[in-house]
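Report on the structure given below.
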Amino acid sequence: MIVCAKCGFENHVDANFCSRCGSRLVHADPAETTVTYAPASTEEAAAAGPRVEAPRFIPTLLIRAGGGREGEEIPLDADLLTIGRNPESHLFLDDVTVSRHHARVIRDATGFVVEDLNSLNGTYVNRRRVERHHLSDGDEVQIGKFKLAYLEPLEE
């Protein structure tokens, strides 16, 4: 198994992308490294192998594609996240395919809901246009040319 550095999910050893978040998986090939150097104080850490990020403890939106922001994570740590081309939006997506006030993500009693705000190009979840949709782990949200993955915290 290979562990995703972004979300901590264990993927099949032959996978190139994480099955959970879609991030590119890095395969370490010792033959590709000719010489490595490390400061004396961190040699033990380097010998321990690659560092894997700790699992998330709050729901997150991960930008999978669009606008050169791939891999950027947006933690959903508030009850409201506004999304749009307006620079004052919580998640500013600078592209003409995104309306100024495009969508919002709201926390309710059962989790998070994405709502379209009458945008011109619409809001899509798993390639279906939606007005309002309760998000589940792994859902793909498309806003204009941006594709985002909704990731819930991993349970230990």
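Read-outs: derived from the displayed coordinates by stated rules, not from any lab. In this text, all values refer to a predicted model and were calculated from it rather than measured experimentally. Note: ideal-geometry Cβ built from the backbone for every residue, glycine included; neighbour counts use all protein chains shown.
Subtract the Cα-Cα distance of GLU70 and LEU154 from 0.36 nm times their separation in residues, and report this length gain in nm to one decimal. Display every interim value, and only then the final one.
Details: separation 84, 0.36 × 84 = 30.24 nm, distance 2.11 nm.
Net length gain for the segment: 28.1 nm.
For LYS145, what residues show an amide H to amide H distance below 5 Å, using hydrogens built from the backbone and excluding near sequence neighbours?
Under 5 Å from the amide H of LYS145 lie the amide H atoms of THR97, each far enough along the sequence or on another chain.
Taking the Cβ of GLY122 as the centre, find all other residues whose Cβ is under 11 Å away and add up their charges (Lys, Arg: +1; Asp, Glu: -1). Mind showing how you got there, number by number?
Values: positive: ARG128, ARG129; negative: ASP116, GLU131.
Result for the neighbourhood of GLY122: 0.
Trypsin sites (Lys or Arg not before Pro), restricted to the range 69-156: which are DSSP loop and have at most 16 other Cβ atoms within 10 Å?
Values: sites: ARG69, ARG85, ARG100, ARG104, ARG107, ARG127, ARG128, ARG129, ARG132, LYS145, LYS147; in loops: ARG69, ARG85, ARG100, ARG127, LYS145.
Here the trypsin sites (Lys or Arg not before Pro) that fit, given the DSSP loop and packing criteria, are ARG69, ARG100, ARG127, LYS145.
Suppose R0 equals 30 Å. What FRET efficiency, 1/(1 + (r/R0)^6) with r the Cβ-Cβ distance, do HIS134 and ASN86 give to the nearest 0.05? Walk me through the intermediate numbers first.
On the way: r = 25 Å, r/R0 = 0.84.
The value I calculate is 0.75.
Compute the FRET efficiency between ASP79 and ALA15 as 1/(1 + (r/R0)^6), taking r as their Cβ-Cβ distance and R0 = 35 Å, and round to the nearest 0.05. Working shown, then result.
Working: r = 35 Å, r/R0 = 1.01.
The computed FRET efficiency comes out at 0.50.
Between ASP108 and ILE58, what is the spin-label point distance in nm, taking each point 7 Å from the Cα along the Cα→C-beta axis?
2.2
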